[in-house]
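Report on one structure; see the data block that follows.
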Amino acid sequence: MASLTVRQLDERLKQLLRLRAAKNGRSVEDEVRTILREAAEEPGPAQPAPVSPPTPAETAPAAATTKRVLLIISGGIAAYKSLDLIRRLKERGLAVRCIMTKAAEHFVTPLAAGALVGSRVFTDLFDPAHEFDVGHIRLARETDLIVVAPATADLMAKMAGGHADDLATAVLLATKAPILLAPAMNPAMWAHKATQRNLAQLVADGIKLVGPNEGEMAEARESGKGRMAEPLEIAAAVDKLLAAHLAPLPLTGKHVLITSGPTHEPIDPVRYIANRSSGKQGHAIAAAAAAAGADVTLVSGPVNLPDPIGVKTIHVESARDMLTAVERALPADVAIFAAAVADWRVANAGVQKLKKTAGQTTPALSLVENPDILSTIAHRRTQRPQLVIGFAAETENVIANAKAKLARKGCDWILANDVSPQTGIMGGDRNTIELVSADGVEPWPPQSKEDVAAMLIARIGAALSK
Ligand code: CTP
């Protein structure tokens, strides 16, 4: 009789055999014996149990350069947003695997998540087929990052306590990969001492957070802190963590403080003095700094731009509010003053709306100078950022004026630009910069505001690493 060992079988057959053995709770050898016995005893050929072979995405290791994210969806109404998150992660070229808790299945189905992930969703710690194939230890190990979105109060409590009574918690306990939580819960649950205690423990354990945000809850008439961060915000946090984990970026660990946009100086409760700044340049710098790994605080005047992803944005109206917000955001390693701050405010601003009264003269506005934010920060004795950078928006004698501003304001670099109306720079999409510093004047080519931002951030990275 010919001798045949399991090792000699082809890979696919071995795989099917292992799955069938796991499903029936037998060793592979016992499974083979059973099949042979049944084949010998029964009249027809033995039918193998209908086990679905793992999909290529489940078995094939991701290419060496492909970063892997394991998404754990726990049971909250925000779980529907996790389907969009899967799309966002996949469009970044990430290899995504997904675990769903039992509670999550009340909100989204494993079928829907699986269709988006492109492979089976893992749900059960004691699923023998799964444990034999991609067990919880492999799920925990074969990933560069674990994202829990939404992270419910209950899951956070279990994590803080080191529980491992289902697949999600077992994987979270077994992993050495960084973990990012996107909490989502009712504001009262978020604010509860127990949740805050668990949160403090998780942060102390090195777990990273994105959100929760303030806003409307799914429950009618409920709002407050507890909304899950938006999928794009979570994806940006994933980018940042993966980048920091795999290769430090030039501004990783640096705090960059940026002002952007115009300021509005009230004349009365409904009127104000403003300027034509769009905030595009300052916002582009904030986005570029965040992409370079920095922690970014953006203090923005009123603009029609979305908050840059992954940036802490503080909204202000007037120059004085902007100065207060900037001072509160210190310490910072780098401060970039891109805002077009109004030089003057109205000294006699009306508390009530100014009215036209027949026969009376037109109101005269008396102006008083605003604080110079750049100069205030550059001249600080304590907490002066290592690198203080200003802009010089000029309409004539650009370089001479920029050099004078560099000296007067006490900053390290000035990005000078000609904002005469014919240049279209104010409010436009392009910019032509000359970098003025103690080392001289360096002309930059005309380029988009995004490219100016990228060039500036590259220069900052180089200067800080000297
Ligand atoms: N700036 C500031 N606070 C102010 C005025 C200006 O922080 N109250 C900053 C701007 O953000 C910019 C730089 O100072 O980085 C120069 O701004 P600019 O408007 O060109 O110069 P001014 O100081 O306003 O001087 P002038 O208007 O006389 O040219």
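Which residue is farthest from the chain's Cα centre (by Cα), if the candidates are limited to the range 403-421 and must be within 9 Å of the ligand (Cβ to nearest atom) and part of a loop (DSSP other than H, G, I, E, B)? Result: V419. Here P54 does not fit the description of being surrounded by 17 or more Cβ atoms within 10 Å (Cβ to Cβ) and modelled with pLDDT of 90 or more. Screening R92 against (1) surrounded by 18 or more Cβ atoms within 10 Å (Cβ to Cβ); (2) modelled with pLDDT under 95 leaves a single unmet condition, (1). If I go through the range 422-441 residue by residue, how many of them are exposed (fewer than 13 other Cβ atoms within 10 Å of the Cβ) and in a strand (DSSP E or B)? Total satisfying the criteria: 1. Could you look through the range 402-423, keep only residues that are more than 16 Å from I336 (Cα to Cα) and in contact with a Ser or Thr (Cβ under 9 Å, 6 or more places away or on another chain), and pick out the one that is modelled with the highest pLDDT? This residue is R408. Is it the case that A454 is within 12 Å of the ligand (Cβ to nearest atom), buried (at least 17 other Cβ atoms within 10 Å of the Cβ) and in a helix (DSSP H, G or I)? In short, no.
How many residues, within the range 178-214, are outside any helix (DSSP H, G or I), among the hydrophobic types (A, V, I, L, M, F, W, C) and either touching a Gly at 6+ places or on another chain (Cβ under 8 Å) or buried (at least 19 other Cβ atoms within 10 Å of the Cβ) (or both)?
At the first step, the residues of the range 178-214 found to be outside any helix (DSSP H, G or I) are 178-186, 192, 205-214.
Checking which are among the hydrophobic types (A, V, I, L, M, F, W, C) leaves us with 179-182, 184-185, 207, 209-210.
Pick out the ones that are also either touching a Gly at 6+ places or on another chain (Cβ under 8 Å) or buried (at least 19 other Cβ atoms within 10 Å of the Cβ) (or both) and you get 179-182, 184-185, 207, 210.
Residues that pass the stated criteria total 8.
Conditions tested, residue by residue: (1) within 30 Å of I377 (Cα to Cα); (2) hydrophobic (A, V, I, L, M, F, W, C); (3) free of Cβ contacts under 8 Å to residues at least 60 places away in the same chain.
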residue: D166; (1), (2), (3): no, no, no
residue: I179; (1), (2), (3): no, yes, yes
residue: A188; (1), (2), (3): no, yes, yes
residue: G206; (1), (2), (3): no, no, yes
residue: E214; (1), (2), (3): no, no, yes
residue: E222; (1), (2), (3): no, no, yes
residue: K225; (1), (2), (3): no, no, yes
residue: L232; (1), (2), (3): no, yes, no
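Among the residues of the range 163-171, is any of a type in the set (A, V, I, L, M) and modelled with pLDDT of 95 or more? No - not one qualifying residue is present in the range 163-171. Taking the range 304-372 and the strands (runs of 3 or more DSSP E) fully enclosed by it, the elements with 1 or more residues that are buried (at least 20 other Cβ atoms within 10 Å of the Cβ) and within 16 Å of the ligand (Cβ to nearest atom) are at 334-337, 344-346.
Answer yes if at least one residue in the range 269-281 is under 30 Å from R87 (Cβ atoms), away from the ligand (no atom under 16 Å from the Cβ) and buried (at least 20 other Cβ atoms within 10 Å of the Cβ), and no otherwise.
Step one: of the range 269-281, the residues under 30 Å from R87 (Cβ atoms) are 279-280.
Checking the rest, the ones that are also away from the ligand (no atom under 16 Å from the Cβ) come to none.
No, the conditions are met nowhere in the range 269-281.
So which residues in the range 389-402 are crowded, with 17+ Cβ neighbours inside 10 Å and more than 8 Å from the ligand (Cβ to nearest atom), if there are any at all? Step through it out loud before you land on a result.
Residues of the range 389-402 that are crowded, with 17+ Cβ neighbours inside 10 Å, as a first pass: 389-394, 398, 401-402.
V398, A402 - these are the residues of the range 389-402 that are crowded, with 17+ Cβ neighbours inside 10 Å and more than 8 Å from the ligand (Cβ to nearest atom).
The values are calculated or read from the model by the stated rules, or taken from the named source; none is laboratory data. Since we're looking at a predicted model, the values are computed, not measured. So basically every Cβ, Gly included, is an ideal-geometry build from the backbone, and we count neighbours across all protein chains shown.
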